[in-house]
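Just so it is clear, none of the values below were taken in a lab; they were calculated from the coordinates. Owing to the predicted nature of the structure, the values given are computational and were not obtained by experimental measurement. Backbone-built Cβ (ideal geometry, glycine too); neighbour counts: all protein chains shown.
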């Protein structure tokens, strides 16, 4: 009886100790389990819930950092492309003001991405990174084309927009929907030969179609 009682007492301690060792090494795969309805069972259950929350947060952080590092490249690319265009005088004088506005806007967006990275350490949920508003997707497409223009021009790709005149609103984060479209447009440019086709789709979305030569 003494041996059985000792095992019953030490078993949950061993389970928790093993789980703590895994968590200490940032391994959240070992979720502790104990089929017991006493205080030890409740404690192990609470600890398992904490491990699952830590795993979800850790995975969310990794995804966010990977996406953010990728997204940093796009505004930098736009700023560099337009700055080099101004330096090489490829833009008409009347276009210079618009180009400078784009550079300023991309600089602000770049700062927001960096701020998101700094803010990440204070977050309890990644939902706080997003700020949803009703946004016209036609504007999102035109902003995307405007910012991806340096890359398209460099590769000799023509972007043909097909955006309806009426407004098509969607509940989105303005900066992040443009960034998502920039990622899609950059992928399309990477695989296109001559031109890509940008259009609205039903439901307030957008897509970039690669047109390959016959």
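At an R0 of 30 angstrom, the distance between the Cβ atoms of residue 167 and residue 94 translates into a FRET efficiency of 0.60.
Between residue 154 and residue 118, the C-beta separation translates, for a Förster distance of 41 Å, into a calculated FRET efficiency of about 0.80.
Under the simplified labelling scheme, the residue 55-residue 105 pair shows an inter-label distance of 4.3 nm, with each label point 7 Å from Cα along Cα→Cβ.
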